[in-house]
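The values are calculated or read from the model by the stated rules, or taken from the named source; none is laboratory data. Model, not experiment: these values are computed from the prediction. Note that each Cβ is placed from the backbone with ideal geometry, even for glycine, and that neighbours are counted across all protein chains shown. The protein model used for the area step is the full one, side chains on, heavy atoms only, and it has no ligands, DNA or RNA in it. Shrake-Rupley method; radii C 1.70, N 1.55, O 1.52, S 1.80 Å.
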Amino acid sequence: MTRSISITRRLTVAVLGLELLSAVILIGAITVHERHIQLRAFDSALLGNAKLLMGAVQDSEDEADNVLLDMRGVHLGRDAVFSVEDEKGRILGSSGTPPHLEPQSSGEPAFYNIDINRRQYRFLVLHGIRIVDPGEPNGGTPHSITIVYGAPAGRIWHEVVEAIRFFAIATAILLSVTALVMAWLVRKALSPVNELAREAERISSSDWHFDAPLSARETVELQPLTEALEAALTRLQRSFEQQRRFTSDAAHELKTDVAIIKSSLQLLSMRKRTIEEYCDGLELSLDDFTRLETTMQKMLTLARLEQPKESDDPEAAPQSCSLLNAIEDAIHQGKPLAELKTVEIQFEAAADAKIQIDSRDALLLCSNILLNALQHSPEGTRVLITMAVNKEKVKFSIQDQGEGVPPEDRAHVFEPFYRGDPSRSRKSGGTGLGLSICKAICERAGGSIEIANNPTGGAIVTVMLPAQPVAFSPIISASLKAQ
């Protein structure tokens, strides 16, 4: 079972995934930033409470000018831990059991993270000078006070977690809204595709009309698909029409040949004839049978050549042959017709080339084009064959001095059974498959064939094929002329 893939689902999941990743990164950044902010606020609170304790250090009004800690009006946290110590090491006041911590040598407040009874505390060590009786003539008595103050740090992470929770809930809501909006937007954006599909569903073998919806034509991303569909349907329609025409023409050709043979045999059976008349009649019927067999062979050849190469035997070695040899063999085959019409065949080549075509198909290609040129050449004229190799291409052309190709026939000469004669008269000879077979051979080899009229008169057929140059002797010029 083929697994179906939803573009809507993929796009929605992709967008939501990107949003989720962005949200995770954002929450991570917010966590770091919020912890930093909360830590600074917490340190400020610690410093404020430590200064309150410093301000609570008062004169004890004794003769030794000692100090004491007056906690009246001082309100600290319930879980606060502190100790206030003077320069003599006397503890002026404490709460809990704070650790022994040394102040920084610079006199700046020092912060420490310490676990007490499995609870994390953050401590501040503040060192300051407290002067008793500053109004005395000697300027008062200074006392060095060290305060160690700490409070549970859990509140910091509590605020951070609350911030994370808020952003996580906001992100979940945003993702839900985005999923709904994305699904709607994607379906709306893909509506031209659905319209294009509905229009394509209307196509059938009897109705090839395809009118792409305006929404698909106006969508930039769908324009290549629309143009490709229209081009593909045009090619398919042309192919189907050629197939139908080929079937019709083939049936017509075979029916004509069969009808002629049948008529000849019926004519022989209408009355008693001499042995010579029976022999002549059978000979004519045999010629018609031969022509029918030739037509069938050419139809089979054309069908074979039009099959894709992938259908060939994959273990078979690639075929190649010499184009020069194929042309020379074709000239040899065309010699009797050339002598009959007193037509000179001239061949010029500067180099040989290996082409990736079976030698039999290469001979068929060259002989069909040459035979076509000889058939359309008036008596006493010349057929010129030239071959030139350029890098990885070989070009050869066959030019006659006949009447040329009418403009209205030029686009159809390579179609099967086309003779340029609406009446399809048998006087022109052949089956109308020769140039079709040539085109199939060229296209199968990755080449091309075209026909044009020479400005000086006559038609010229040009073939381009992929090839490998072969070291060869200088220019060859061979001519054949009937005596």
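Assuming R0 = 45 Å, can you tell me the calculated FRET efficiency for the pair ALA350 and GLU19, based on Cβ-Cβ distance, to the nearest 0.05? Plugging the Cβ-Cβ distance into 1/(1 + (r/R0)^6) gives 0.05. What a 1.4 Å probe finds exposed on the stretch 255-375 is 57% carbon and sulfur by accessible area, rounded to a whole percent. Loop-located GluC sites (Glu not before Pro) in the stretch 59-102 (DSSP state not H, G, I, E or B) with no more than 13 neighbouring Cβ atoms inside 10 Å: GLU61, GLU63, GLU87. The length gained by stretching the chain between GLU339 and ASP133 to full extension, at 0.36 nm per residue less their Cα-Cα distance, is 59.7 nm.
In the context of the full set of protein chains, residues of the chain present 61 Å² of accessible surface per residue (probe radius 1.4 Å, heavy atoms only). Straight Cα distances below 24 angstrom link LYS88 to the lysines LYS51, with same-chain residues fewer than 8 positions distant left out.
In the chain, Cα pairs under 8 Å separated by at least six residues give a relative contact order of 11 percent. Of the trypsin sites (Lys or Arg not before Pro) found in the stretch 211-246, not one falls in a DSSP loop while having at most 15 other beta-carbon atoms within 10 Å.
Projected label points at PHE240 and SER191, each 7 Å from Cα along the beta carbon direction, are separated by 3.1 nanometres. Pairs spanning more than 31 Å between alpha-carbon atoms, out of LYS255/LYS393; LYS298/LYS393; LYS298/LYS354: LYS255/LYS393.
With each label modelled as a point 7 angstrom along the Cα→C-beta vector, the THR274-ALA232 pair spans 7.0 nm. For the stretch 373-415, relative contact order (Cα pairs under 8 Å, six or more residues apart, normalised by length) works out to 38 percent. A straight line joining the Cα centroids of the stretch 197-273 and the stretch 76-154 runs 101 Å. Taking each DSSP H run with n ≥ 4 as -39500 (n - 2.57) and averaging over every residue of the chain yields -16500 deg cm²/dmol at 222 nm.
Averaging the sequence gap over all C-alpha pairs within less than 8 Å and six or more residues apart, then dividing by the number of residues, gives the stretch 289-417 a relative contact order of 23 percent. Comparing Cα centroids, the stretch 162-186 and the stretch 39-61 end up 45 angstrom apart.
Sorting ASP361, ASP211 by accessible area puts them as ASP211, ASP361; the probe is 1.4 Å, largest comes first, and only protein heavy atoms count. Please check which bits of the stretch 253-288 a label hung off ALA303 would reach, taking the label as a point 7 Å along Cα-to-C-beta and the cut-off as backbone N under 19 Å. Answer for the stretch 253-288: 253-258.
Residues of the stretch 352-372 falling in the label zone of GLN468, defined by backbone nitrogen less than 11 Å from a point 7 Å along Cα to beta-carbon, are 354-356. Rolling a 1.4 Å probe over the protein heavy atoms of the stretch 77-166, with every protein chain left in place, gives an accessible area that is 49 percent carbon and sulfur. In summary, the aspartates and glutamates within cross-link reach of LYS335, defined as a Cα separation below 18 angstrom excluding same-chain residues under 8 places away, comprise GLU344, GLU348, GLU379, ASP400.
Calculated FRET efficiency, GLU283 to GLU443, Cβ-Cβ distance, R0 = 60 Å: about 0.95 to the nearest 0.05.
Between LEU47 and THR294, the contour length at 0.36 nm per residue exceeds the Cα-Cα span by 77.8 nm. Can you give the FRET efficiency for ASP70 and VAL161, using 1/(1 + (r/R0)^6), R0 = 30 Å, r = Cβ-Cβ distance, to the nearest 0.05? It comes out at approximately 0.20.
Subtracting the Cα-Cα distance of VAL181 and SER263 from their residue separation scaled by 0.36 nm leaves 21.6 nm.
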